[in-house]
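Here's the structure, in structure tokens; my notes come after.
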Amino acid sequence: MQNERLRAAMAAGGWTYSTLAAKAEVDPKSVERWVNLGRTPRRSTAMLAAETLGEDVHALWPSLRQARSARAVSPELVALHEQRANVPVSAFTDMLAQATQQIDVLVYAAVFLHEAYPRLNDLLRERASAGCTVRIAVGDAESENVRQRGMEEKFGHGIESRCRLALMHYRPLLRVPGIELRTHSTTLYNSLYRADDQLLVNAHVWGVNAYGAPVWHLRRNGDGGIFDTYAASFDAVWSTAQPVEEE
């Protein structure tokens, strides 16, 4: 069966078997078979040809529209911890210490880091002086979402107080080149701790304090994975967060 959609797309763009073959990196006879015999090229070749023609690959070759086989576990998942309380603070600090390009922290407070590792600010200064970009976003204690989280976790005004405490811990970093500190008022679905291509995600569960919620450790594995989804989430929050002013 001939591929009339492909034939029409080629004719509309003035493509011949030879010119399309050159772009798709195949033999002209292969292109001829695609058109006249309805042959389906390999997915990578089909994608290249469709991009060249400015067409949707599945419109040209519907047989390529097939469900991906399900994976039991994402290749980006390094470890899954049932509770943040089970994760030693060294897992956070050691990961941050390995960063050479980028550190991102998105939390409401997470004062457990400073409480358990008083050298945290020194570590961040060291990374920044080595050329690492450091971005820290903590919760705005005056925001409605922070107050709501306190009610949901039956923590009262404790979360607001811890947001202020976190800001107090990080304030000495305000003048440090390479380090930015902001406050955000978003609904925080996950606390994020990124060091280059590694990421610790502390999920937030309604009614459960963050220390009792799961943590998954991700390592980036190509474009468009789970890691990139969370990284984009951080950037979205960061774009709405307010820079902290010096007192």
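The values are calculated or read from the model by the stated rules, or taken from the named source; none is laboratory data. Values in this document were obtained by computation on a predicted structure and should not be read as measured data. Please note: Cβ atoms are built from the backbone with ideal geometry, for glycine as well, and neighbour counts cover all protein chains shown. Each accessible area value is taken on the protein alone, full model and side chains, heavy atoms only, with ligands, DNA and RNA left out. Shrake-Rupley method; radii C 1.70, N 1.55, O 1.52, S 1.80 Å.
Some points to look at:
- The residue of the stretch 128-152 that is modelled with the highest pLDDT, among those that are closer than 21 Å to Glu115 by Cα and of a type outside the set (A, V, I, L, M), is Arg135.
- Per the conditions (1) exposed (fewer than 12 other Cβ atoms within 10 Å of the Cβ); (2) in contact (Cβ under 8 Å) with a residue 24 or more places away in the chain; (3) in a helix (DSSP H, G or I), the sole criterion not satisfied by Met1 is (3).
- Filter result (surrounded by fewer than 19 Cβ atoms within 10 Å (Cβ to Cβ) and at pLDDT 80 or above) within the stretch 153-166: Ser161, Arg164, Leu165
To keep it simple, each residue is scored yes or no on (1) open to solvent by less than 20 Å² (accessible area, probe 1.4 Å); (2) more than 22 Å from the chain's Cα centre (by Cα); (3) over 22 Å from Val237 (Cα atoms).
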{"position": "Gln102", "(1), (2), (3)": "no, no, no"}
{"position": "Val111", "(1), (2), (3)": "yes, yes, no"}
{"position": "Arg127", "(1), (2), (3)": "no, no, yes"}
{"position": "Ala137", "(1), (2), (3)": "yes, no, no"}
{"position": "Glu144", "(1), (2), (3)": "no, yes, no"}
{"position": "Arg149", "(1), (2), (3)": "no, yes, no"}
{"position": "Leu200", "(1), (2), (3)": "yes, no, no"}
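- Condition check for Leu188: touching a residue at least 40 places away in the same chain (Cβ under 8 Å), in contact with a His (Cβ under 9 Å, 6 or more places away or on another chain) and not acidic (Asp, Glu): yes
- For the stretch 167-198, a tally of residues being closer than 15 Å to Leu96 by Cβ and either hydroxyl-bearing (Ser, Thr, Tyr) or open to solvent by 60 Å² or more (accessible area, probe 1.4 Å) (or both) returns 4.
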